[in-house]
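Quick notes on the structure that follows.
The values are calculated or read from the model by the stated rules, or taken from the named source; none is laboratory data. These numbers come from a predicted model, not from an experiment. Every residue, glycine as well, gets a Cβ built from its backbone with ideal geometry; the counts of neighbours run over all protein chains shown.
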Amino acid sequence: MKYNITQKKDIGGTDYLLEVEAPQVAERIRPGNFVVLITVPNGERIPMSVQKAEDGKIAMFVKKLGKTSRALDACGECTTLEAVVGPMGKPVELKKFGNVVFVSDLVCGHAENYLFSQVFSKIEGNHMISMQTFPTKDEIYPEEYLAKGLCDEYYLTTKDGSVGLKGHYLEKLKELLDEGRCDIIFGGGDIPSLHELAKLTRPYEVPTIVTVRQIMVDATGMCGSCRVFVSGEMKLSCIDGPMFDATKLDFEDIISRLGMFKEAEAKAMEWCKQQQECK
Amino acid sequence: MPNIHIPRQEMPKQAPEDRRDNFNEVALGFTAELAQKEAQRCIQCKKPFCIDGCPVEIDIPAFIKFISEGDFEGALKKVREENLLPGICGRVCPQEQQCEIQCVLGKKQEPVAIGRLERFVADWGKQTGFDDEFHIEEKKKSVAVVGSGPASISCAIDLRRFGYQVTLFEALHKAGGVLQYGIPEFRLPKKIVDFEINNLDELGVDVKINTVIGQHVEFDELRGFFDAVFLGTGAGAPLFLNIEGEKLKGLYSANEFLIRTNLMKAYKFPEYDTPIICGNKVGVIGAGNVAMDAARCAVRLGADEVYILYRRTKKQAPARLEELENALEEGVILKELVNPVRVLGTDDGWVRAIELIMMELGEPDSSGRARPIPIENSEFEMELDTVVVALGTKPNRLFLNKVPELETTPWGTIQVDERLKTNMEGVYAGGDAVRGNATVILALGDGRTAARSIHAYLQNGKH
């Protein structure tokens, strides 16, 4: 069985939208879950966040970063995926928290921001605040892919100030924290930013739950590659996470091990380029 | 006529210096001539003890007799009466501890090479396109089998032969469980696994890959859809050492090292997408079969020096002797009586060395093996750039967490009775999910036992 790709389009910078038919997965995806994709028969198992699950389809945001994501983007004839597995990981509890904030500054984080905003804003008693940071105006997604229309309060920031507030979400978030307007903060995207987020919120003692997907191989709890340390205790981000209390995570370990395969990734890209040239 | 004066026939193997550089199968299998010669050694005991040693009760003397007469088809049919995975079992069963240890010849000389003969007939069948059909009397009742490792495969096959409608669910993208992700290509070629798993399709078992029970489909839903359930979820979660340095880059669980290499084919990177970084000096902690597999993969991935670091001595190593010898032939170095204290890293977070402490052997412990005792102040450093932890595995929490009402043992394995029934109505379990770390053939045996219990349950109603 293959999974039909129903949409693939550029949405900003090096990011694109990927939509696939996967009815069973779509029906069960909750905020906090992720899916595993295999694009081609020789492919790796790639964990991905879901932006939207509707009508038997799931949509994801993908960055053209490594061999697989670029190859999939470049391949016009690729109309199917080998596998779409999920929902994986633990969903977060859907309940009234009060002021719920979601912050994101990178592709997967933006997808999560959308889904969280969509779901949490509908729970009575929640005031959903969404913050999204992009590097510059040209990289901002079209409005229908932003959390803007789904939340009660929205802040768009660009690092260069070309649109919206100037700077990173961390700066605006600090204002909200000072005003005592955050009951829970969720975050996704760039890992060093999430580390900064944890440092920022710790003194305020506001629960801060972030997505950390350490490098995964099977993503079903078997390999231990995605181990992270929460207050010194080993957890697997595929089955115990991927969302953890940011203030308890060992970010230095996470950031160090996320870089383990950098050289291999470069080699794969080089190989891929040569293959295309040969064709 | 049996001829006990023929010596046990050696199976041709790839030479160590050749096989260090490739993932092709090491053991090449008997030729027909060798197989017949070996088969003639069997004295056809009236009371064959070898069958008692076989967890799936193959009529061993009968199939060997067929081989000695040159009737390979007859031999294969006889084996397949009890075991539809002879190519797999002939390769990975620890026959020396099961059927062959019971062989009467073994008392005075070497036992008949039962495993090699089983493998021979399986390979003969594959090469010649042998096909036999089973008559199945269809029943309406249905059974879900969770997991697709050896226990699940054998359970699914037997249930199907009883006539039940069987659906098998696998979380990963390939069926086979440990046969796919764990055991390396050079010991068990994946084309053999795929070929024998194909039996499931041919029998009409509905195999659903990429389906995670408990995530994709809730367990209660599953129980609602099916009349009975077999859990063969394995023991797939890795154990770590809980020592300093496990955060370092270059430290792998054996599971990760093997999954990358076998299931994801990292040795073919970048043609295959999943990479592996194997350094020049590799230390594998543990001396079981998985440790040998990891060490031998490291050799093939290009490591200059590969060490098995073991706290006891060669004599107590839990690995099959054959696998340990194979590893040593390939240049793996067994370092006995050492135990890891901590793993040391470079400034940028890569493994640099391991600190070991020397051990000595004391009185036997509960396992019957001499207890290793650390020798005070004997710590020393050994330079390594890759560490693989092969200390065994435990049941995967992914499924168990979702079914808190399922009774487990203090070790996290599923609690069952002698019929392999769990505490839940109509739910049975077997293989590593129940046993912890055991063997393929014991899992196959469990699958068969569970199939019989499920058959009895579905025929007679509640247990």
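In the range A:45-58, the residue that is surrounded by the fewest Cβ atoms within 10 Å (Cβ to Cβ) out of those that are in a loop (DSSP other than H, G, I, E, B) and away from every other protein chain (no Cβ under 14 Å) is A:Asp55. Closer than 30 Å to B:Lys402 by Cα, more than 7 Å from chain A (Cβ to nearest Cβ), touching a residue at least 24 places away in the same chain (Cβ under 8 Å) and surrounded by 18 or more Cβ atoms within 10 Å (Cβ to Cβ): is that true of B:Leu248 in this structure? It is false that B:Leu248 is closer than 30 Å to B:Lys402 by Cα, more than 7 Å from chain A (Cβ to nearest Cβ), touching a residue at least 24 places away in the same chain (Cβ under 8 Å) and surrounded by 18 or more Cβ atoms within 10 Å (Cβ to Cβ). Candidates are the residues of the range B:353-387 that are over 32 Å from the mean Cα position of the chain (by Cα) and in a strand (DSSP E or B); the one that is farthest from A:Phe261 (Cα to Cα) is B:Phe380. Each residue in the range B:97-114 was checked for being of a type in the set (A, V, I, L, M) and part of a helix (DSSP H, G or I), and 4 of them qualify.
Kindly evaluate B:Ile43 against the criterion of being aliphatic (A, V, I, L, M), touching a residue at least 24 places away in the same chain (Cβ under 8 Å), assigned to a loop (DSSP other than H, G, I, E, B) and farther than 23 Å from B:Ser154 by Cβ. Yes: the conditions hold for B:Ile43. Consider A:Glu82 carefully, then state whether it is over 15 Å from the mean Cα position of the chain (by Cα), on the phi < 0 side of the Ramachandran plot, surrounded by fewer than 21 Cβ atoms within 10 Å (Cβ to Cβ) and within 14 Å of another protein chain (Cβ to nearest Cβ). Yes, satisfied.
Among the residues of the range B:188-220, just one is basic (Lys, Arg) and in contact with a strand residue (DSSP E or B) (Cβ under 8 Å, 6 or more places away or on another chain), namely B:Lys208. Checking the stated criteria, B:Val212 turns out not to satisfy the condition of being among the β-branched types (Val, Ile, Thr) and either within 19 Å of B:Leu85 (Cα to Cα) or more than 14 Å from chain A (Cβ to nearest Cβ) (or both).
The single condition from (1) within 12 Å of another protein chain (Cβ to nearest Cβ); (2) of a type in the set (A, V, I, L, M, F, W, C); (3) closer than 28 Å to A:Arg28 by Cβ that B:Val205 fails is (1).
Among the residues of this structure, B:Arg311 counts as one that is among the charged types (D, E, K, R), buried (at least 22 other Cβ atoms within 10 Å of the Cβ) and farther than 30 Å from B:Glu10 by Cα. Within the range B:142-165, residues that are farther than 23 Å from B:Gly214 by Cβ reach partners that are in a loop (DSSP other than H, G, I, E, B) and acidic (Asp, Glu) with beta carbons closer than 6 Å, at six or more positions or on different chains, in the pairs B:Gly163/B:Glu137; B:Gly163/B:Glu138.
Filter the range B:251-294 down to the residues that are of a type in the set (Asp, Glu) and facing chain A (nearest Cβ under 8 Å), then identify the one that is nearest to B:His173 (Cα to Cα). Per the stated criteria, the residue is B:Asp273. Among the residues of the range B:391-450 satisfying the criterion of being in a loop (DSSP other than H, G, I, E, B), β-branched (Val, Ile, Thr) and modelled with pLDDT of 95 or more, which is nearest to B:Phe219 (Cα to Cα)? Checked the range B:391-450; the qualifying residue nearest to B:Phe219 (Cα to Cα) is B:Thr422. Scanning the range B:389-403 for residues being more than 11 Å from every other protein chain (Cβ to nearest Cβ) and surrounded by 24 or more Cβ atoms within 10 Å (Cβ to Cβ) gives a total of 1.
Matching residues to (1) acidic (Asp, Glu); (2) in contact with a His (Cβ under 7 Å, 6 or more places away or on another chain); (3) within 12 Å of chain B (Cβ to nearest Cβ); (4) outside any loop (DSSP other than H, G, I, E, B):
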| residue | (1), (2), (3), (4) |
| --- | --- |
| A:Asn4 | no, no, no, yes |
| A:Lys9 | no, no, no, yes |
| A:Ala26 | no, no, yes, yes |
| A:Gly43 | no, no, yes, no |
| A:Met60 | no, no, no, yes |
| A:Thr68 | no, no, yes, yes |
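Of the candidates B:Asp432, B:Asp385, B:Asp365, the single residue that is closer than 27 Å to A:Ala219 by Cβ and touching a Lys or Arg at 6+ places or on another chain (Cβ under 8 Å) is B:Asp385.
For the range A:11-24, filtered to residues that are surrounded by 18 or more Cβ atoms within 10 Å (Cβ to Cβ) and not hydrophobic (A, V, I, L, M, F, W, C), the residue that is nearest to the other protein chains (Cβ to nearest Cβ) is A:Glu21.
The set of residues in the range A:76-96 being under 15 Å from A:Ile46 (Cβ atoms) and part of a loop (DSSP other than H, G, I, E, B) consists of A:Cys78, A:Glu82, A:Gly89. When the range B:339-351 is filtered for residues that are away from chain A (no Cβ under 14 Å) and touching a residue at least 40 places away in the same chain (Cβ under 8 Å), the ones remaining, listed by number, are B:Pro340, B:Val341, B:Arg342, B:Leu344. Being farther than 20 Å from B:Pro189 by Cβ, touching a Cys at 6+ places or on another chain (Cβ under 8 Å) and either more than 14 Å from every other protein chain (Cβ to nearest Cβ) or not acidic (Asp, Glu) (or both) is a condition met by no residue of the range B:304-323.
For (1) touching a helix residue (DSSP H, G or I) at 6+ places or on another chain (Cβ under 9 Å); (2) of a type in the set (Phe, Trp, Tyr); (3) within 26 Å of B:Glu96 (Cα to Cα), each residue gets a yes or a no:
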position: B:Pro111; (1), (2), (3): yes, no, yes
position: B:Arg119; (1), (2), (3): yes, no, yes
position: B:Trp124; (1), (2), (3): yes, yes, yes
position: B:Gly129; (1), (2), (3): no, no, no
position: B:Asp132; (1), (2), (3): yes, no, no
position: B:Glu137; (1), (2), (3): yes, no, no
position: B:Ser154; (1), (2), (3): yes, no, yes
position: B:Arg161; (1), (2), (3): yes, no, no
position: B:Thr167; (1), (2), (3): yes, no, no
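In the set (1) in a strand (DSSP E or B); (2) facing chain A (nearest Cβ under 8 Å), the condition left unmet by B:Phe230 is number (2).
For first residues located in the range B:367-391 and assigned by TED's automatic domain parsing to the domain that holds B:Ala353, partners that are assigned to a loop (DSSP other than H, G, I, E, B) and exposed (fewer than 13 other Cβ atoms within 10 Å of the Cβ) and lie 6+ apart or on another chain with Cβ distances below 8 Å form the pairs B:Arg371/B:Asp365. Only one of the listed residues (B:Cys89, B:Cys54) is at negative phi, assigned to a helix (DSSP H, G or I), out of contact with any Pro (no Cβ under 7 Å at 6 or more places or on another chain) and at pLDDT below 95. That residue is B:Cys89. Every condition in (1) outside any helix (DSSP H, G or I); (2) at pLDDT 95 or above is met by B:Asp348 except one, and the failing one is (2). Restricted to the range A:221-279, the set of strands (runs of 3 or more DSSP E) holding at least 1 residues that are within 11 Å of another protein chain (Cβ to nearest Cβ) and farther than 23 Å from A:Ser49 by Cβ comprises A:233-236.
Pairs meeting the criteria (first residue in the range B:183-210 and outside the structural domain of B:Tyr164 (by TED's automatic domain parsing), second residue surrounded by 21 or more Cβ atoms within 10 Å (Cβ to Cβ) and at pLDDT below 95, beta carbons under 9 Å, at least 6 apart or on different chains) are lacking.
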